[in-house]
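Participant: So that we are looking at the same thing, I have put the structure below in structure tokens.
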Amino acid sequence: MSGSLPMPDSAARNNRLPPVDIHLPMPEESNSNRSSRNRSRRASTEYARYENPIEVVPSTLDVEQTKAGIDKGYKNPWDGDGMPGPLEFTKKFMGGLRNDISRRLVKHAKDDYTDAFTKENFAVIAPSILFLFFACYAPALAFGALFDIATEGNIGIFETVLSTAICGVVYAVFSGQPLTIVGATGPELAYTIVFYNLCKQLDLEYLPTRWWQGMWTALFTVICAITDSCALMKYVTRFSEEIFSATVSVLEIAAALTAIINIFLSDLSTGAQLLSAILCAATYMTAIKFRDLRGSDWMNATWRKHISNYGVVITIILGTIIANAVLEPFGITDLTFLNVPESLRPTLSLSNGEPRPWVVNPMGTERELPSWAPVFAVPFALGLTILGYLDQNLTEVIVNKKDRLLRKSPGYHLDLFVCGIGMYPLLSILGLPFTH
């Protein structure tokens, strides 16, 4: 092995000689030293990628992105379009919303719907659809069960799944940047529990009162969208993002642990209680193992990636099979299963045994709603608006980080406008849980 020692240009100029490389013999490198050097190089590369993701372009990026100048510094998709940035105050009525429409619905009106059918993307469409289906369906089942318990059957699994489906379609078709997955969230569950308990204490029918809460929320959300309020997200720091993510995680973990504790406080048999706890722990540990599979050396990278992507789905299927298989051998007859209607009907049954109407009556379902109830819902609608605003925009800020290397502009104001004008009113009318 040999190394080269370049002569400095200044020395070459002083001696009026062209720059040359002096090759010196280098000692042979041992295998251990070579391995150590390779590990140090990989560690330096990973550190550089963490510190400045733009400096090190991942190998999975296609040639077009590299040619776009990413290795010279990533440029925002909206640079040079003559309009203020997505998170800049325009000081005009509906200025941000109109700019989002110009950037997305005008510039990308066609390719937003045709890019999926291009030759380079068509091969990944089917796996992506299948993965996203289970990524939406599994949380809908989990949150649906929690909503069913928290609202005593006013909102259940069927409503949560239907809400996820309707909002997913509406958001994907009409929003400016449908990269986020809309669905029930931990903060929304916690807020629903508080509002339901207040309605119960004041002897108010929950769904009619919630109809007014949803309509007020829709109005406040539209006002936020047309007044450039999303521009406030430019002041959000990484610390705020992490706090938000941690809050969502803590709420969801607390909801799951509360459900397990309630099982042990119930009248179920000891066998059903222990089996529920074992299934919960086994489901969690199995899902974690599937998640960590991606970084292991088991099988090849392609298999690890696909199995890890569908790890949650596989875990739910295995848990369901095991739960049904052990009931008879162990004589357990009172294990609690998900409360799902046998037909396409709302979960809530009226006093006469009939399911509630699909369309919620804002003046009351079985008894008249007090005249002060719509006003009572206003402050809670304002709180729900703030919750939806933060949930929606903080998620999009995370999605639109520079290290994502996105090629199309975001649509903060347009996305929020779609939530306020389309999703929230529809969910209120049908009595479905709100999604963010």
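The values are calculated or read from the model by the stated rules, or taken from the named source; none is laboratory data. Bear in mind the structure is a predicted one, so any value in this text is a computation, not a measurement. Here Cβ is always computed from backbone atoms with ideal geometry, including for glycine, and neighbour counts include all displayed protein chains. For the accessible areas, the whole protein counts, side chains as well, though only heavy atoms, and no ligand, DNA or RNA atoms are used. Shrake-Rupley method; radii C 1.70, N 1.55, O 1.52, S 1.80 Å.
Participant: Given the conditions (1) closer than 30 Å to Val106 by Cα; (2) at pLDDT below 95; (3) not hydrophobic (A, V, I, L, M, F, W, C), report the number of the one that Thr385 does not fulfil.
Facilitator: Status for Thr385: all satisfied but (2).
Participant: Give the residue that is farthest from Gly156 (Cα to Cα), with candidates limited to residues of the stretch 355-370 that are of a type in the set (D, E, K, R) and over 36 Å from the mean Cα position of the chain (by Cα). Break it down stepwise before answering.
Facilitator: Narrowing the stretch 355-370 to residues of a type in the set (D, E, K, R): 356, 366-368.
Pick out the ones that are also over 36 Å from the mean Cα position of the chain (by Cα) and you get 366-368.
On the way: Glu366: 19, Arg367: 22, Glu368: 24 Å.
Applying the filter and picking the extreme gives Glu368.
Participant: For the stretch 153-164, which positions are in contact with a helix residue (DSSP H, G or I) (Cβ under 8 Å, 6 or more places away or on another chain) and either open to solvent by 10 Å² or more (accessible area, probe 1.4 Å) or over 30 Å from Arg104 (Cβ atoms) (or both)? Outline the logic, then answer.
Facilitator: Our first condition is that a residue be in contact with a helix residue (DSSP H, G or I) (Cβ under 8 Å, 6 or more places away or on another chain); within the stretch 153-164, this holds for 154-164.
Scanning the stretch 153-164 gives Asn154, Ile155, Gly156, Ile157, Phe158, Glu159, Val161, Leu162, Thr164.
Participant: Among the residues of the stretch 136-149, which ones are of a type in the set (Gly, Ala, Ser), over 16 Å from the mean Cα position of the chain (by Cα) and open to solvent by 20 Å² or more (accessible area, probe 1.4 Å)?
Facilitator: Here is the first cut: in the stretch 136-149, the ones of a type in the set (Gly, Ala, Ser) are 138, 140, 142, 144-145.
Now narrow it down to the ones that are over 16 Å from the mean Cα position of the chain (by Cα): 144-145.
Once the filter is applied, which keeps residues that are of a type in the set (Gly, Ala, Ser), over 16 Å from the mean Cα position of the chain (by Cα) and open to solvent by 20 Å² or more (accessible area, probe 1.4 Å), the stretch 136-149 yields only Ala145.
Participant: Let me ask something else. So which residues in the stretch 262-284 are under 22 Å from the mean Cα position of the chain (by Cα) and without any contact (Cβ under 8 Å) to a residue 12 or more places away in the chain, if there are any at all?
Facilitator: So the first thing to find is which residues in the stretch 262-284 are under 22 Å from the mean Cα position of the chain (by Cα), and the list is 283-284.
Listed by number, the list holds a single entry, Tyr284.
Participant: While we're looking at this one, here's another question. If I ask for residues that are small (Gly, Ala, Ser), in contact with a helix residue (DSSP H, G or I) (Cβ under 7 Å, 6 or more places away or on another chain) and farther than 12 Å from Tyr206 by Cα, which ones from the stretch 367-382 would you list? Full working, then the answer.
Facilitator: Looking only at the stretch 367-382, we keep the residues that are small (Gly, Ala, Ser), and these are 371, 373, 377, 381.
Those left that are additionally in contact with a helix residue (DSSP H, G or I) (Cβ under 7 Å, 6 or more places away or on another chain): 373, 377, 381.
Selection gives Ala381 alone.
Participant: Evaluate the following for Pro341: is it modelled with pLDDT of 85 or more and within 27 Å of Glu152 (Cα to Cα)?
Facilitator: On the way: modelled with pLDDT of 85 or more: no; within 27 Å of Glu152 (Cα to Cα): yes.
Here the answer is no, as Pro341 does not meet what is asked.
Participant: Confirm whether Ile288 is open to solvent by less than 60 Å² (accessible area, probe 1.4 Å) and either farther than 21 Å from Tyr137 by Cα or assigned to a helix (DSSP H, G or I) (or both). Walk me through it before giving the result.
Facilitator: Details: open to solvent by less than 60 Å² (accessible area, probe 1.4 Å): yes; either farther than 21 Å from Tyr137 by Cα or assigned to a helix (DSSP H, G or I) (or both): yes.
Yes; evaluated as a whole, the condition is true for this residue.
Participant: For the stretch 168-179, which positions are open to solvent by less than 40 Å² (accessible area, probe 1.4 Å) and either under 25 Å from Ser102 (Cβ atoms) or among the aliphatic types (A, V, I, L, M) (or both)? Talk me through it step by step, then tell me what you get.
Facilitator: Of the stretch 168-179, the ones open to solvent by less than 40 Å² (accessible area, probe 1.4 Å) are 168, 170-171, 175-177.
Of everything in the stretch 168-179, those that are open to solvent by less than 40 Å² (accessible area, probe 1.4 Å) and either under 25 Å from Ser102 (Cβ atoms) or among the aliphatic types (A, V, I, L, M) (or both) turn out to be Val170, Tyr171, Ser175, Gly176, Gln177.
Participant: Also, I was wondering about something else. Against the conditions (1) more than 20 Å from Leu348 (Cα to Cα); (2) in a helix (DSSP H, G or I); (3) at pLDDT below 90, where does Ala142 fall short? Just the number, please.
Facilitator: Just one mismatch for Ala142, condition (1).
Participant: Search the stretch 183-208 for residues being among the β-branched types (Val, Ile, Thr) and modelled with pLDDT of 90 or more, and hand back the single one that is most open to solvent (accessible area, probe 1.4 Å).
Facilitator: Filtering the stretch 183-208 for residues among the β-branched types (Val, Ile, Thr) gives 185, 192-194.
Now narrow it down to the ones that are modelled with pLDDT of 90 or more: 192-194.
Details: Thr192: 9, Ile193: 60, Val194: 83 Å².
Restricting to residues being among the β-branched types (Val, Ile, Thr) and modelled with pLDDT of 90 or more, the top hit is Val194.
Participant: Right, another one. Which ones in the stretch 85-108 are under 22 Å from Val236 (Cβ atoms), part of a loop (DSSP other than H, G, I, E, B) and not polar (S, T, N, Q)?
Facilitator: If the condition is that a residue be under 22 Å from Val236 (Cβ atoms), part of a loop (DSSP other than H, G, I, E, B) and not polar (S, T, N, Q), then Gly85, Pro86, Leu87, Glu88, Phe89, Lys91 are the ones that fit.
Participant: Under the condition of being touching a residue at least 40 places away in the same chain (Cβ under 8 Å) and under 29 Å from the mean Cα position of the chain (by Cα), which residue from the stretch 333-344 is surrounded by the fewest Cβ atoms within 10 Å (Cβ to Cβ)?
Facilitator: Among those that are touching a residue at least 40 places away in the same chain (Cβ under 8 Å) and under 29 Å from the mean Cα position of the chain (by Cα), it is Leu344.
Participant: Take the residues in the stretch 407-436 that are more than 21 Å from Leu232 (Cβ to Cβ) and open to solvent by 40 Å² or more (accessible area, probe 1.4 Å), then tell me which one is farthest from the chain's Cα centre (by Cα). Spell out the reasoning first.
Facilitator: Within the stretch 407-436, the first condition is being more than 21 Å from Leu232 (Cβ to Cβ), and the residues that meet it are 407-408, 422-423, 425-435.
Okay, now just the ones that are also open to solvent by 40 Å² or more (accessible area, probe 1.4 Å), so 407-408, 426, 429.
On the way: Arg407: 20, Lys408: 19, Leu426: 21, Ile429: 25 Å.
Out of the qualifying residues, it is Ile429.
Participant: Name the single residue, out of those in the stretch 107-123 being of a type outside the set (D, E, K, R) and under 18 Å from Leu406 (Cα atoms), that is most open to solvent (accessible area, probe 1.4 Å). Even if it seems obvious, please write down each step before you answer.
Facilitator: To start, the set of residues in the stretch 107-123 that are of a type outside the set (D, E, K, R) comprises 108-109, 113-114, 116-118, 121-123.
Those left that are additionally under 18 Å from Leu406 (Cα atoms): 108-109, 113-114, 116, 118, 121.
On the way: His108: 21, Ala109: 50, Tyr113: 117, Thr114: 60, Ala116: 36, Thr118: 42, Asn121: 56 Å².
Result: Tyr113.
Participant: Taking the residues in the stretch 259-285 that are of a type outside the set (A, V, I, L, M, F, W, C) and more than 19 Å from Glu328 (Cα to Cα) as candidates, determine which candidate is surrounded by the fewest Cβ atoms within 10 Å (Cβ to Cβ). Give the derivation first.
Facilitator: Let us first name the residues in the stretch 259-285 that are of a type outside the set (A, V, I, L, M, F, W, C), namely 262, 266-267, 269-271, 273, 276, 283-284.
Now narrow it down to the ones that are more than 19 Å from Glu328 (Cα to Cα): 262, 266-267, 283-284.
Working: Asn262: 11, Ser266: 13, Asp267: 7, Thr283: 18, Tyr284: 12.
Result: Asp267.
Participant: Does Gly364 qualify as being touching a helix residue (DSSP H, G or I) at 6+ places or on another chain (Cβ under 6 Å) and either free of Cβ contacts under 8 Å to residues at least 12 places away in the same chain or not basic (Lys, Arg) (or both)? It would help to see each step written out before you state the result.
Facilitator: On the way: touching a helix residue (DSSP H, G or I) at 6+ places or on another chain (Cβ under 6 Å): yes; either free of Cβ contacts under 8 Å to residues at least 12 places away in the same chain or not basic (Lys, Arg) (or both): yes.
Taking the combined requirement at face value, the residue satisfies it.
Participant: Restricting the stretch 232-255 to residues that are touching a Leu at 6+ places or on another chain (Cβ under 9 Å) and over 29 Å from Phe89 (Cβ atoms), which is most open to solvent (accessible area, probe 1.4 Å)?
Facilitator: Glu252
Participant: With the requirement that a residue be over 19 Å from the mean Cα position of the chain (by Cα) and surrounded by fewer than 22 Cβ atoms within 10 Å (Cβ to Cβ), what does the stretch 380-406 give you? Outline the logic, then answer.
Facilitator: Applying the first criterion (over 19 Å from the mean Cα position of the chain (by Cα)) to the stretch 380-406 yields 380-383.
Phe380, Leu382, Gly383, listed by residue number.
Participant: Only helices (runs of 4 or more DSSP H) wholly contained in the stretch 154-252 count here; list those with 2 or more residues that are touching a residue at least 60 places away in the same chain (Cβ under 8 Å) and of a type in the set (Val, Ile, Thr).
Facilitator: Working: elements: 157-174, 186-201, 206-226.
Correct list: 157-174, 206-226.
Participant: Do you know which of the residues in the stretch 298-332 that are in contact (Cβ under 8 Å) with a residue 60 or more places away in the chain and out of contact with any Phe, Trp or Tyr (no Cβ under 8 Å at 6 or more places or on another chain) is most open to solvent (accessible area, probe 1.4 Å)? So that I can check it myself, show each step before the final result.
Facilitator: Here is the first cut: in the stretch 298-332, the residues in contact (Cβ under 8 Å) with a residue 60 or more places away in the chain are 306, 309-310, 312-313, 316, 331-332.
Now drop any that are not out of contact with any Phe, Trp or Tyr (no Cβ under 8 Å at 6 or more places or on another chain), which leaves 306, 316, 331-332.
Values: His306: 84, Ile316: 66, Gly331: 57, Ile332: 24 Å².
Only one residue fits best here, namely His306.
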